[in-house]
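Note sheet for the following structure.
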Amino acid sequence: MKSAMGRSTDRLRASTKEWWPSVAFLGLFALAVEVLARTGSVPRVILPPVSDVAGSISGMGGPFFLRHLGMTAFESVVGFAIGAAAGLGIGVMMYYSRVLERLLYPIVVTSKAVPVVAMAPLLTFWLGYDVWAKTLMAALVSYFPVTVGTVSGLKYVDEDLTDLVRSFGANEWVVFTEVRLRAALPNVFASLKVGSVLSVVGSVVGEMAGSTGGLGYLLLSSIYYVDVASSAAVCVVMAGLGLSMFASVSLLERKIIYWRPGADNGGR
Amino acid sequence: MGARIVVDELTVRYRLKSGDLINALGPISLEVENGERVALLGPSGCGKTTMLKVTAGLLRPSSGRVLMDGEDPSLPRRRGEIGVVFQKPTLLPWRSVLENVLLPLRIRGDVDGRLERMAIDLLHAIGLKGFERSYPNELSIGMQQRCALARAMIQSPKVLLLDEPFASLDEMNRETLNFDLLRLCEPNGVTALLITHNVYEAVLFSDRVIVLSERPGRKVTEVRVDLGKERDPRVLESERFYEHIIRVRKALRLSRLEVAG
Ligand SMILES: Nc1ncnc2c1ncn2[C@@H]1O[C@H](COP(=O)(O)OP(=O)(O)OP(=O)(O)O)[C@@H](O)[C@H]1O
Ligand SMILES: [Mg+2]
């Protein structure tokens, strides 16, 4: 029996092993940029050295910056939650009702065919410059993959499992909660992960279309002042936000799909 | 306590993706007496699983009907009187072994300590002691199929429907499980239908072996098995056992000739 501590260091070691090539690659890339910028081969205004970017990230602890980060985080998280709930709901409805599927499917696909970038100014015009237009943007970009993932997850459930539970006298509600929903979870989570990252894209695009704050707004204003180091720093923070949302969903996945083989050992 | 099963002029057709109809089974008629154990022997694809699903009340017949003590099988199914073991171990991966066995009881109501005790005893009887808290993916296929069998028995069903439950197991495992199965069936007087490809298994388990034709499966012939109700491993060393094997093999061969001619 291994202690929980021992297991988590094992996991850390395993993920270090897994990630070192990409970490090394990024490190080399950063070093190259640093050298190019410091030697003056490329002007600093155009390509800021990585240390400047890092400096401007560490200078971001202030309340001014945190307000912007908080705004984007709020829009992304709330938007994603709305999008995920809508995606799940629409997915379940489309699975269970042919009529609703016929009604909703074209609408869902069409809504996705309108580029998000084009929707941003419209939504801002309708909903104003505060967080709600961006929250809706985040919801709109993240609900689509969740809908698709939910429908396909529900569709490809082993029908022997549903038959079996019916053979115990279960009604369709029990079949849904006990089998179909749980069997669909791996697919649903795959789509949630995609949606979680996309939601940050949605809110940032919204902010760039007109806003009083947020990381997208911060990015535009640093570009306006030709402060490339700060712009790059904002991009890094956006990526960090997207990654942490992805990581949170993955963590939730591990907790919820506890029965997955190798859920505790990386599947090895 | 079992139930009497009557299969009356049953046929099942499936609609394929291409839109064509395929005759999967029948017309077939047969009767299984209360407490009788019957083995169904037939070539792959002849409609055995299809027939089992109709008998379990999970699939509507295209014509004809199945009655269980005079009722449509969906009624005893809802009362939890039918135990089913499918061709592959269909355990719910998110439930532990014990919880899988308790599942039929949970669906039908509350589970008290006594029922839980019963499930644990059943698991011990079938060789899964110490695995109560394991998850299905931590078990071998044979162990999973044992668990599925325990689950089919937990409600003390009147009717037990077994679809090649041990087909994916090695010979040794298969033999022990066959005797475990017999031990579980005997005291209850359950009516049982065992689908199998294996002549030995068919004779060992049943009071009667029914031979089916190629798809769409019809009853070709049947062989009575007079080995008594109680059977232990010594049966396998008796001449009478092999006489029955030979009789079933002959019936199989003749059925093929009959179908070909
Ligand atoms: N859901 C389905 N849709 C269409 N055709 C089906 C379906 N299920 C079975 N069939 C067809 O019906 C026939 C009988 O299938 P069934 O599964 O009952 O055979 P089986 O006797 O159990 O075979 P095996 O011994 O290989 O398990 C097969 O020929 C198959 O092609
Ligand atoms: Mg079959």
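Computed quantities for the displayed model
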read-out: Total residues in region A:159-184, condition within 20 Å of A:S250 (Cβ to Cβ) and surrounded by fewer than 19 Cβ atoms within 10 Å (Cβ to Cβ); value: 1
read-out: Meets criteria (touching a residue at least 60 places away in the same chain (Cβ under 8 Å) and of a type in the set (V, I, T)) for A:V78; value: yes
read-out: Number of positions in region B:45-84 that are within 15 Å of B:K158 (Cα to Cα) and surrounded by fewer than 20 Cβ atoms within 10 Å (Cβ to Cβ); value: 9
read-out: Selected residue (criterion: modelled with the lowest pLDDT) from residues of region B:175-210 that are assigned to a strand (DSSP E or B) and within 16 Å of ligand 2 (Cβ to nearest atom); value: B:T196
read-out: Selected residue (criterion: farthest from ligand 2 (Cβ to nearest atom)) from residues of region B:61-87 that are in a loop (DSSP other than H, G, I, E, B) and more than 13 Å from every other protein chain (Cβ to nearest Cβ); value: B:G70
read-out: Helices (runs of 4 or more DSSP H) completely within region A:89-180 that count 2 or more residues being out of contact with any helix residue (DSSP H, G or I) (no Cβ under 7 Å at 6 or more places or on another chain) and farther than 23 Å from A:V197 by Cβ; value: A:98-113, A:116-127, A:159-167
read-out: Failed condition for B:L103, given (1) assigned to a loop (DSSP other than H, G, I, E, B); (2) away from ligand 1 (no atom under 16 Å from the Cβ); value: (1)
read-out: Pair list, Cβ under 6 Å, 6 or more apart: region A:160-185 residue over 21 Å from B:D163 (Cα atoms) and at the interface with chain B (Cβ under 9 Å from one of its Cβ atoms), other residue surrounded by 20 or more Cβ atoms within 10 Å (Cβ to Cβ) and among the basic types (K, R); value: none
read-out: Unmet criterion (only one of (1) of a type outside the set (S, T, Y); (2) at positive phi; (3) within 16 Å of ligand 2 (Cβ to nearest atom); (4) at pLDDT 90 or above) for B:M51; value: (2)
read-out: Set B:L58, B:L25: member being outside any strand (DSSP E or B), touching a Ser or Thr at 6+ places or on another chain (Cβ under 9 Å) and within 13 Å of ligand 1 (Cβ to nearest atom); value: B:L58
read-out: Number of the condition not met by B:R37 [criteria: (1) buried (at least 19 other Cβ atoms within 10 Å of the Cβ); (2) within 16 Å of ligand 1 (Cβ to nearest atom); (3) away from chain A (no Cβ under 14 Å)]; value: (2)
read-out: Qualifying residues in region A:81-136 (those that are within 19 Å of the chain's Cα centre (by Cα), aliphatic (A, V, I, L, M) and modelled with pLDDT of 90 or more) - the one surrounded by the fewest Cβ atoms within 10 Å (Cβ to Cβ); value: A:A85
read-out: Residue match in region B:103-118 (condition: at the interface with chain A (Cβ under 8 Å from one of its Cβ atoms) and within 16 Å of ligand 2 (Cβ to nearest atom)); value: no
read-out: Test for B:L169: is it within 16 Å of ligand 1 (Cβ to nearest atom), touching a Gly at 6+ places or on another chain (Cβ under 9 Å) and part of a strand (DSSP E or B); value: no
read-out: Residues satisfying the stated conditions in region B:155-166, i.e. away from ligand 2 (no atom under 16 Å from the Cβ) and in a loop (DSSP other than H, G, I, E, B); value: B:Q155, B:S156, B:P157, B:K158
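The values are calculated or read from the model by the stated rules, or taken from the named source; none is laboratory data. Since this is a predicted model, take the numbers as computed values, not measurements. We place every Cβ from the backbone using ideal geometry, glycine too, and count neighbours over all the protein chains shown.
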